[in-house]
There are 2 protein chains.
Amino acid sequence: MNEVRVWAPATVANLNVGFDGLGAALAAPGERITARKTDVPGSVRIRAIHGAPDLSLDAERNVAGVAAQSLLNALGAPCGIELEIHKDVLPGSGIGSSAASAAGAVVAVDALLNGGLRPDELLPFALDGESLASGSRHADNVAPALMGGIVLCPPEGAPVSLPVPEGWHVTIVHPQVEIRTSESRKVLPQHVPLQHAVDQARWFAAFAAACHRNDGVAAAYCLEDLYIGPSRAPLIPCYPSVAAAAAQAGARAGGISGSGPSTFWITFSEADAQAVAHAAHAVLSEAGIPTNTHVTHIASRGAHVL
Amino acid sequence: MNEVRVWAPATVANLNVGFDGLGAALAAPGERITARKTDVPGSVRIRAIHGAPDLSLDAERNVAGVAAQSLLNALGAPCGIELEIHKDVLPGSGIGSSAASAAGAVVAVDALLNGGLRPDELLPFALDGESLASGSRHADNVAPALMGGIVLCPPEGAPVSLPVPEGWHVTIVHPQVEIRTSESRKVLPQHVPLQHAVDQARWFAAFAAACHRNDGVAAAYCLEDLYIGPSRAPLIPCYPSVAAAAAQAGARAGGISGSGPSTFWITFSEADAQAVAHAAHAVLSEAGIPTNTHVTHIASRGAHVL
C-alpha cells in the first residue's frame, strides 16, 4: 500500500463539566488526509492543504507534519511521507482542528507502514503534533479524535472511553471570529471557591456515571459549568442570546466548545438539533457575524482509514 | 408485626476523591436498633442506648429519634415508636455514627408501619435526623447507610449507586480522640488553585468510571485528595506515620474517613488488610493513643431488617 486516505473527526473538549479532562468526537465535520509513501527515508512533506490558506506547508511548522514525523521516526523511517490535507475542521473554530490533523496524520502513517498501533498507542505521537498548536500536551481533543466516542482523561494514566449515551444530538455553532487559546486561558481564574470546586467535581463524576448507565437525560443534566464557562462566555460573540435561543429551540444542555468560539448544544431529536442551529444562526446573523453550524452526533469511531 | 430489629452500616464519606459527594457502606461495624410499636400515636421514645452514654435519650435531641419522628409523621402516625439502640458505630469516630442511627431508625419505622418505601424514598426522613448531628443535610454518609455500596451524590438530584469494584478490602483505623465536625470544616481553604480543582474533578470522574468498569486497581489509583485531605491531616493523630505504615503494610490507597479521626485504607487481600490494621495500631499505641481497628469490606446492602 503506497497511498491511504484517512478521516479524522472534529472534537468538543471540556463538554462544560470536564475542563482539560473530557472530549467527544463528532460525526461531522471531519478532516480528510491523503498520505503517500515517498522514497526519501525519514522525510515528511506537505503537498497541499485545502481550505486553510494560512497554515504552513513547512512540515516542521504544521501539526500534521510534526505528528507524522514523530511516528515515522519511531517506526524506523523506512520511507518518506507526503501529506495532502483537506481542512474541513476549520483552524480556530474550537472544535479540535489541530487535533484532527494530528490524529489523522498518525493514523495515516501507521497504516502506510503497517505499524498496527492501537489508538491509545498512537496518542503520544499525535500529541507531539498537537502541542505545536496548543503549546501543551492536553489530550482532551486528541484522545477522542483518535479513540472516538467520549473520552475521559485523568491527570495521570491512560485516557478511558465513556459509553456514549443514546439519544444525544449535537449542534455546533461556529461564529467566525478568532479567539486565541492563550487569550482564553488568560481569562480563567487562578483560584476558585471551594464550593465550586467541590460541586464541579460532583457533576463531572455524576456525568461519567450517567454515561455508564446509558442515561442520556441525566448525562445532559450533569453538564454544569461553574467556573470555566462563566469566565470565558464574554469572549464568545452574543453568548447569552445564543444560549437563550438554543434553550428556547430545545437544547437541554450546552456551552462553549473547548476555548471557543464554537458552542455546542445537546438535544434529544434531530428536529430539535436543526431548530437550535437555525435559532443560533439567526441570532448571530442579526449581529452581523458570519456563522457555520453543524447538526451532528457523537461519532463512535475516531480517526480511521477510509 | 410489633417489633423489628434493624442493622445499619458504618460509612466512609468522601473517600478522598469525592468531598461531600461520595460515601461507602461498610460490612462492619454496624449499628443495631430494636423498634417497637406503642399505643401512643405519634410519640417517639428512646428506651435505651447501649455503648454511648453521652447521647441524649430525649427523642427530639437524638438523631434516631428525630428521623423516626419525621417518618412516623409522614406515614400518618397511627401508633407510637419505642427505640432501643446498640451504638456499635461510636459517636465521633468519623465513620457515620449518626448516619447509621438515622438510617436504621427510618428503616425500622418503615418496616413496623409497612410503609414499603425504597431506600432513596427514606433518605429525606433520615436526613432530618442526620442534620440534627451535622447541622446540614449532607447525604454522603446517610445515602450509603441506606442504599449500601458506594453512592455518588450530585449537587442536585438523587444519589446514584456506583458498582462496587471487586477485590477491595477496607481497614478502618479509629484513634479515639475527638474532632468536632465544625473544627474540621474550619481548616478547609475557602478557595483552591484552579489546577487542583480541575485535577480533583478529573480524578473523581475517573473513579466513577473505574467503578463502572469493575477495575478495582484503577479505582484505588484514582483516590487522590488534593485539597481536603492535606488541610485536615494535621488534625488526625500521627497521620503521616499511620499513612506510611499503612502503605508499607500493603495499602494501595487511603485517607481520612469523613472529617476524621478515623482513617480508611484500601488493600487487595484480607491478609494485607489485617497487616495494615496491625501496623497502624502499633504506630498509634506507641504514641499512647487508644485505637480501634476494623478489617472489613464494602457492604452491598444498606440498613435492613434482620
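The values are calculated or read from the model by the stated rules, or taken from the named source; none is laboratory data. Note that the structure is a prediction, hence the values are computed from the model and not measured. Reconstructed Cβ throughout: ideal geometry from the backbone, glycine too, with neighbour counts over all protein chains shown. Quick note on the areas: whole protein, heavy atoms, side chains included, nothing else; ligands and nucleic acids left out. Shrake-Rupley method; radii C 1.70, N 1.55, O 1.52, S 1.80 Å.
Tell me yes or no: at least one residue of region A:148-157 is within 7 Å of chain B (Cβ to nearest Cβ), of a type outside the set (D, E, K, R), in contact with a Cys (Cβ under 7 Å, 6 or more places away or on another chain) and surrounded by fewer than 24 Cβ atoms within 10 Å (Cβ to Cβ).
Among the residues of region A:148-157, at least one is within 7 Å of chain B (Cβ to nearest Cβ), of a type outside the set (D, E, K, R), in contact with a Cys (Cβ under 7 Å, 6 or more places away or on another chain) and surrounded by fewer than 24 Cβ atoms within 10 Å (Cβ to Cβ), which makes the answer yes.
On the basis of being away from chain B (no Cβ under 12 Å) and in contact (Cβ under 8 Å) with a residue 60 or more places away in the chain, does residue A:244 make the cut?
Taking the combined requirement at face value, the residue does not satisfy it.
Every residue in region A:208-217 that is touching a residue at least 24 places away in the same chain (Cβ under 8 Å), touching a helix residue (DSSP H, G or I) at 6+ places or on another chain (Cβ under 9 Å), more than 7 Å from every other protein chain (Cβ to nearest Cβ) and more than 20 Å from residue A:141 (Cα to Cα), please.
Within region A:208-217, A:210, A:215, A:216, A:217 meet the criteria.
The rows are residues; the columns are (1) over 22 Å from residue B:294 (Cβ atoms); (2) among the acidic types (Asp, Glu); (3) out of contact with any helix residue (DSSP H, G or I) (no Cβ under 9 Å at 6 or more places or on another chain); (4) not assigned by TED's automatic domain parsing to the domain that holds residue B:96.
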position	(1), (2), (3), (4)
B:197	yes, no, no, yes
B:206	yes, no, no, yes
B:230	yes, no, yes, yes
B:243	no, no, no, yes
B:252	no, no, no, yes
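Return yes or no: is residue A:213 open to solvent by 40 Å² or more (accessible area, probe 1.4 Å), more than 21 Å from residue A:11 (Cβ to Cβ) and modelled with pLDDT of 95 or more?
yes
Determine if region B:128-138 includes at least one residue that is open to solvent by 10 Å² or more (accessible area, probe 1.4 Å) and modelled with pLDDT of 95 or more.
Among the residues of region B:128-138, at least one is open to solvent by 10 Å² or more (accessible area, probe 1.4 Å) and modelled with pLDDT of 95 or more, which makes the answer yes.
Given the conditions (1) modelled with pLDDT under 95; (2) in the same structural domain as residue B:233 (by TED's automatic domain parsing); (3) under 17 Å from residue B:25 (Cβ atoms), report the number of the one that residue B:178 does not fulfil.
For residue B:178, the exception is condition (3).
Starting from residues that are within 14 Å of another protein chain (Cβ to nearest Cβ) and among the polar types (S, T, N, Q), keep the ones in region B:158-202 and report whichever is surrounded by the fewest Cβ atoms within 10 Å (Cβ to Cβ).
That would be B:190.
When the residues of region A:1-48 are narrowed to those that are within 14 Å of chain B (Cβ to nearest Cβ) and not aliphatic (A, V, I, L, M), which ends up farthest from residue A:67 (Cα to Cα)?
A:16
Out of region B:235-272, which residues are open to solvent by 10 Å² or more (accessible area, probe 1.4 Å), aliphatic (A, V, I, L, M) and in a helix (DSSP H, G or I)?
Once the filter is applied, which keeps residues that are open to solvent by 10 Å² or more (accessible area, probe 1.4 Å), aliphatic (A, V, I, L, M) and in a helix (DSSP H, G or I), region B:235-272 yields B:235, B:243, B:244, B:245, B:247, B:271.
Please state which of the following conditions residue A:77 fails to meet, knowing it meets all the rest: (1) within 25 Å of residue A:138 (Cα to Cα); (2) assigned to a loop (DSSP other than H, G, I, E, B).
Condition (1) is where residue A:77 drops out.
For region B:172-229, what are the residues that are in a helix (DSSP H, G or I), more than 18 Å from residue B:255 (Cα to Cα) and of a type in the set (Val, Ile, Thr)?
If the condition is that a residue be in a helix (DSSP H, G or I), more than 18 Å from residue B:255 (Cα to Cα) and of a type in the set (Val, Ile, Thr), then B:198 is the only one that fits.
Scan region B:1-40 residue by residue and report those that are buried (at least 24 other Cβ atoms within 10 Å of the Cβ), more than 24 Å from residue A:207 (Cβ to Cβ) and not β-branched (Val, Ile, Thr).
B:8, B:9, B:10, B:26, B:31, B:35
Of the residues A:122, A:90, only one is assigned by TED's automatic domain parsing to the domain that holds residue A:146, within 30 Å of residue A:15 (Cα to Cα) and assigned to a loop (DSSP other than H, G, I, E, B); which?
On inspection, the qualifying residue turns out to be A:90.
Are any residues in region B:47-89 over 23 Å from the mean Cα position of the chain (by Cα) and either aliphatic (A, V, I, L, M) or crowded, with 23+ Cβ neighbours inside 10 Å (or both), and if so, which ones?
Scanning region B:47-89 gives B:72, B:74, B:75, B:77, B:81.
Pairs, please: C-beta under 6 Å, at least 6 apart or cross-chain, first residue touching a residue at least 40 places away in the same chain (Cβ under 8 Å) and in region B:26-55, second of a type in the set (Ser, Thr, Tyr)?
B:26/B:296; B:27/B:296; B:28/B:296
Show me the strands (runs of 3 or more DSSP E) found entirely inside region A:2-72 where at least 1 residues are of a type in the set (Phe, Trp, Tyr).
A:3-13
Can you report the number of residues in region A:218-232 which are open to solvent by less than 20 Å² (accessible area, probe 1.4 Å) and either within 8 Å of chain B (Cβ to nearest Cβ) or over 22 Å from residue A:160 (Cα atoms) (or both)?
Qualifying residue count for the region: 5.
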